[in-house]
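Below is one structure; the comments refer to it alone.
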Amino acid sequence: MLRPFLHKSALALTMFVGAASLTGCGYHVAGSATHVPANVRTLAVPIFKTNVLQYRTEVALTDATIRELNTRTKYRITSSDDPESADATLTGTILTETIAPLTYDPSTGSTSSYLIQVTAKIVLTARDGHVLYQNDKLSFREQYQSTQDLSAFIQEDSAAVRRLSRDMASEIVADILNSF
């Protein structure tokens, strides 16, 4: 008497699990972009624009983004400014870049570390002008130490910009590929 009930319950549970697995779970093949149509095979990534006075941040972020796209996708990447040269174009603009003192050396009162923050706008546009992906305020921070020994002074902010650019590029490509 209890056996037919258990059998029906087990059958119903199996059917439910089977139906749920057919609907998908959000996973997709690595390197396939959910924001990018299947017919896109070539991405143009021209050097990002900048609205700031700091030197070469736009180049560092563009280079890091191209490297990340080459590593994580199967798209052919070009650096052309011509939107007709590729199936889609990824553009970026550095909106802000600030460097602020973060910590101070109590014995000298001089700054011992800084915080750099970069905000950028990223847009992926299809050849026909349709926006496939857009993030108007992608923001990242990176801390770096200042050199206290002036005779061996090494400017650390460019290394911090490169690290920050790698992190931003990773986030850009992840957003485009995963659409989360």
Residue-level accessible surface for PHE48, protein heavy atoms, 1.4 Å, Å² = 10 Å²
What residues have an amide H closer than 5 Å to that of ILE77, excluding those fewer than 5 places away on the same chain, when H is modeled at 1.01 Å from N in the peptide plane?
-> LEU43
Assuming R0 = 41 Å, can you tell me the calculated FRET efficiency for the pair THR111 and ARG41, based on Cβ-Cβ distance, to the nearest 0.05?
-> 0.25
At a Förster radius of 25 Å, what calculated FRET efficiency corresponds to the Cβ-Cβ distance of VAL52 and GLN145, to the nearest 0.05?
-> 0.65
Note down the nm distance, to one decimal, between modelled labels 7 Å out along Cα→Cβ at ASN178 and at THR96.
-> 2.6 nm
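The values are calculated or read from the model by the stated rules, or taken from the named source; none is laboratory data. The structure presented is a predicted model; accordingly, all values stated were derived computationally and were not measured. Glycine also receives a Cβ, built like all others from the backbone with ideal geometry; neighbour counts cover every protein chain displayed. Note: areas computed on protein heavy atoms with side chains; ligands, DNA, RNA excluded. Shrake-Rupley method; radii C 1.70, N 1.55, O 1.52, S 1.80 Å.
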